[in-house]
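Following: one structure in structure tokens, then a few remarks.
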Amino acid sequence: MHPTWTEQWWPISYLTDLDPKRPNRFTLLERDLVIWWDRMEDCWRVFPDVCPHRLVPLSEGRINEAGQLECPYHGWSFDGEGQCRLIPQALENTQPDSRRSRCASLPTASTQGLLFVWMGAPDSADPKQLPLVPALEENPDSWTVQDTFRDLPMDAVTLLENVLDVSHVPFTHHKTVGKRDNAAPVEATITEEDASGFRAYWEEGPRRGKLGAQSTTFLAPQLMWHDLTAKGFGRILTVVYAVPIRRGECRLFARFPFQFQSALPRLLIGLRPRWLQHIGNHKVLEDDQVFLHWQERTLAAAGGSAFAERAFFLPTAADVYVAALHRWINNNGGEPFAGQPLPDRQPTEALMDRYHSHTIHCRSCSTALIWIRRAQPVCWGLLWAGAILIGLNGGWWLISIGLIVSATGALGLRQTKRWERGLLVGDGQAPRNQST
């Protein structure tokens, strides 16, 4: 793989979603990693997810009483530097910390709420080169940030192509975050372009100029953000990290930072639970997930990014973002998994999975799912208790109480079932295609 992709800092998790009590796993650039909290040094560690003894995944192990990462197979234990500190089967005079018993400890950094790992030569890791959004470093307490993530069935390049393209929002996301009536020419221009990425400027901005001018930055190879200051509302960023997992799969880290002019919007956003916000985010992501999964296979059949400008027809100024992205790719090492075929196309039902692509990795959503499922028997209990009270025929007041209890149980059961489904699977029905 070209150094463009390997000699990089990559985000691999929001810090809030990591469990310091157990190993966490992630796959980056086809390399399985284990993430764990080193309480001896108060920092997150990232190793290749393989024990040097018998090559089993360390992420299936535990963090033992000594604060070391323990292999699930034979109990070999490793400190934060990757040194093996214990081989339970060894004789007393055996030294466990030989070169071959060592794990590689990859360089990491934590900032802006994200854990980053360096995938290149360790000596080249420079924390000053982290792919960050500069605006979030300026008066960080003034920002209200909503975060989400999801493993998507598409290449990171396809995701970047999608989120850079501002002109698709009124159509693709009609009735979610867009409106067809707001569609208009996008007279955007590329203001800077080099090996580090590009910048673009759209003077009119979204919603036919109602919000103000919007600038776009692509910080190669994984980060982009749109930046606008809406009149009378505040500054709004749309930030996306596109992280390659393997061919045909990437993780989206999406961030929505707001800098409000008044305190009320910040208060209202803070009242919405993170897991409930994520259910809404899923619906938006699924607006275009199905056709992007198909589109990249059509482009791959035409030759991929190297033939993008020939395969696509890009006649408008709205297409400058996509054209600039593919110029950058082709001038800087090509696609990350060049030459590898895409996996078979998935059916819509598989593309709508939310549980495996998000919920099991999200502390907020997985915790919410546990409590929602615990609440459902309580709702059933209320439903039956109300029915019993009504059946006792003990007078109007007892019947009234029974009706209230039954209604509470029924409404609670209905709502918890809706929330449960929202954390498990999408319905595959894009709101833009609904007749009403």
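The values are calculated or read from the model by the stated rules, or taken from the named source; none is laboratory data. From a predicted model like this one, the values you see are computed outputs, not experimental measurements. All Cβ positions, even for glycine, are placed from backbone atoms using ideal geometry, and neighbour counts span all protein chains on display. We work out accessible area using only protein heavy atoms, side chains counted, and drop any ligands, DNA or RNA first. Shrake-Rupley method; radii C 1.70, N 1.55, O 1.52, S 1.80 Å.
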Expressed in µm² per second, the diffusion coefficient of the range 1-50 from the Stokes-Einstein equation, with Rh the Kirkwood radius over alpha carbon pairs, at 4 °C and 1.567 mPa s, is 108
Most fluctuating of LEU130, LEU106, LEU268 in the GNM of the chain (C-alpha, under 10 Å) is LEU268
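In square nanometres, what is the average projected area of the Cα convex hull of the range 189-290?
Values: hull surface 33.4 nm².
So the Cα hull casts an average projection of 8.3 nm².
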Applying a 4.7 angstrom Cβ cut-off across the chain, unpaired cysteine residues come out as CYS43, CYS84, CYS103, CYS250, CYS379
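Given a 1.4 Å probe and every protein chain left where it sits, what share in percent of the accessible area of the chain is carbon and sulfur?
Details: 11960 of 21780 Å².
Here it works out to 55 percent.
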Protection proxy (average C-beta count within 10 Å per residue), highest first, orders 4-11, 154-161, 181-188 as 154-161, 4-11, 181-188
Once the dipole of the range 191-329 is set up from charges on Cβ (+1 Lys and Arg, -1 Asp and Glu), the residue from the list GLY209, VAL243, LEU267 lying farthest towards its positive end is LEU267
With x for Gly and Pro, the residue-by-residue ³J(HN,Hα) of the range 155-172, computed from phi through the Karplus equation 6.51 cos²θ - 1.76 cosθ + 1.60 at θ = phi - 60° and given in whole Hz, is 5, 4, 5, 5, 4, 4, 4, 5, 6, 6, 7, 6, 6, 7, 4, x, 8, 4
The pairs in LYS179/LYS283; LYS128/LYS231; LYS283/LYS417 lying past 23 Å Cα-Cα in this model are LYS128/LYS231
Out of LEU58, THR148, PRO127 - ranked by how far each Cα lies towards the positive end of the dipole of the chain, with unit charges on the beta-carbon of charged residues - the top one is THR148
As a Kirkwood estimate from alpha-carbon pairs, the range 53-158 has a hydrodynamic radius in angstrom of 17.4
If amide H atoms are modeled at 1.01 Å from N in the peptide plane, then the residues at a separation of 5 or more from ARG25, or on another chain, having amide H under 5 Å from its own are ILE35
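Please list 86-96, 317-327 highest first by mean number of surrounding beta-carbon atoms within 10 Å per residue. Each step should come with its number before you reach the end.
On the way: 86-96: 10.6, 317-327: 19.1.
Listed from highest to lowest mean packing, they are 317-327, 86-96.
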About its Cα centre, the range 258-317 carries a charge dipole, from +1 on Lys and Arg Cβ atoms and -1 on Asp and Glu Cβ atoms, whose size in debye to the nearest 20 is 300
Interchain or sequence-distant (5+) residues whose placed amide H lies within less than 5 Å of the amide H of MET352 are none
Expected vector for the range 29-45, Karplus 3J(HN,Hα) from phi with 6.51, -1.76, 1.60 and θ = phi - 60°, integer Hz, x for Gly and Pro, equals 6, 6, 10, 6, 10, 10, 10, 8, 8, 8, 6, 5, 10, 6, 7, 7, 10
Taking 119-127, 295-303 and ranking on average Cβ neighbours within 10 Å, highest first, one gets 295-303, 119-127
Sorting PHE78, PHE260 on solvent-accessible surface, 1.4 Å probe, most exposed first, gives PHE260, PHE78
Which of (i) 1.03; (ii) 1.06; (iii) 1.16 is the computed Rg/Rh (Cα atoms, Kirkwood Rh)? It is (i)
When the charge dipole of the range 300-372 is computed with +1 at the Cβ of Lys and Arg and -1 at the Cβ of Asp and Glu, the Cα pointing farthest to the positive end, of ALA302, PRO315, LEU369, is that of LEU369
Spelling it out for GLY205: with amide H atoms placed in the peptide plane at 1.01 Å from N, the residues 5 or more places away or on another chain with amide H under 5 Å from its amide H are GLN214
Per residue, accessible area of the range 1-92 with a 1.4 Å probe, heavy atoms of protein chains only, in Å², comes to 48
Quick calc, the chain, dipole around Cα centre from Cβ unit charges on Lys, Arg (+) and Asp, Glu (-), nearest 20 debye, gives 1640
Expressed in square angstrom to the nearest 10, the accessible area of PHE116 with a 1.4 Å probe stands at 0
Diffusion coefficient in µm²/s returned for the range 373-422 by Stokes-Einstein, Kirkwood Rh over C-alpha pairs, 10 °C and 1.306 mPa s, is 145
In order over the range 131-138: 3J(HN,Hα) from phi, Karplus 6.51/-1.76/1.60, θ = phi - 60°, whole Hz, x for each Gly or Pro, gives x, 10, 8, x, 4, 6, 7, 8
Per residue, accessible area of the range 222-333 with a 1.4 Å probe, heavy atoms of protein chains only, in Å², comes to 42
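Stick to Cα atoms and the Kirkwood definition of Rh, then tell me Rg/Rh for the range 288-436.
Values: Rg = 25.7 Å, Rh = 20.3 Å.
Answer for the range 288-436: 1.27.
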Volume per residue (Å³) of the convex hull spanned by the alpha carbons of the range 69-116 is 81
